[in-house]
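Note sheet for the following structure.
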Amino acid sequence: MSSMDDDEIDSLVVECGEGVLASDGMLTEKRYVQHGVTSTYDHSVNVAKTAVKIADGLGLQDKVDWDSLVKAALL
């Protein structure tokens with residue numbers, strides 16, 4: 001069922017989240033630590049990647065609005 005590899009997931013998150021990732025608010029998150037060692041920015045990116053992996057793993061490739069999923073996960 002799953003068809004995306006990690007590189008494809010990374011590319012999708014960067015492409016779909018481009019505007020959010022480049023926003024002042026997100027860039028500020030790079031300065032804040034989450035869970036001891038991870039920046040809030042990296043945490044948000046990891047949440048988006050995980051959301052994509054779950055949707056892909058469930059076979060929802062044709063039913064998901066990837067832009068909305070990634071942006072919502074980043075925020």
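The values are calculated or read from the model by the stated rules, or taken from the named source; none is laboratory data. Fair warning: this is a prediction, and the values are worked out from it, not measured in the lab. Glycine gets a Cβ as well: all are built from the backbone with ideal geometry, and neighbour counts include every protein chain shown. Each accessible area value is taken on the protein alone, full model and side chains, heavy atoms only, with ligands, DNA and RNA left out. Shrake-Rupley method; radii C 1.70, N 1.55, O 1.52, S 1.80 Å.
What percent does the relative contact order of the chain come to when contacts are Cα pairs within less than 8 Å and at least six residues apart? Show your work: numbers first, answer last.
Working: 74 pairs, mean separation 30.3, N = 75.
Reported as a whole number, the value is 40 percent.
Ligands, DNA and RNA are left out, and with a 1.4 angstrom probe the accessible area of the chain is 64 Å² per residue. Taking 7 Å steps out from each Cα toward its Cβ at residue 42 and residue 3 produces label points 3.2 nm apart.
Compute for the chain: radius of gyration divided by Kirkwood radius, i.e. Rg/Rh, restricted to C-alpha atoms, rounded to two decimals. Walk me through the numbers on the way to the answer.
Numbers: Rg = 12.6 Å, Rh = 12.6 Å.
Expressed as Rg/Rh, it is 1.00.
With the highest mean first, a sort of the peptides 32-41, 49-58 on other beta-carbon atoms found within 10 angstrom per residue produces 49-58, 32-41.
If you take the Cα centroid of segment 2-39 and the Cα centroid of segment 43-75, the two points sit 12 Å apart.
Fully extended, how many nm does the chain gain between residue 28 and residue 62 (0.36 nm per residue separation, minus their Cα-Cα distance)? Can you show the working numbers first?
On the way: separation 34, 0.36 × 34 = 12.24 nm, distance 3.38 nm.
Taking residue 28 through residue 62 to full extension adds about 8.9 nm, to one decimal.
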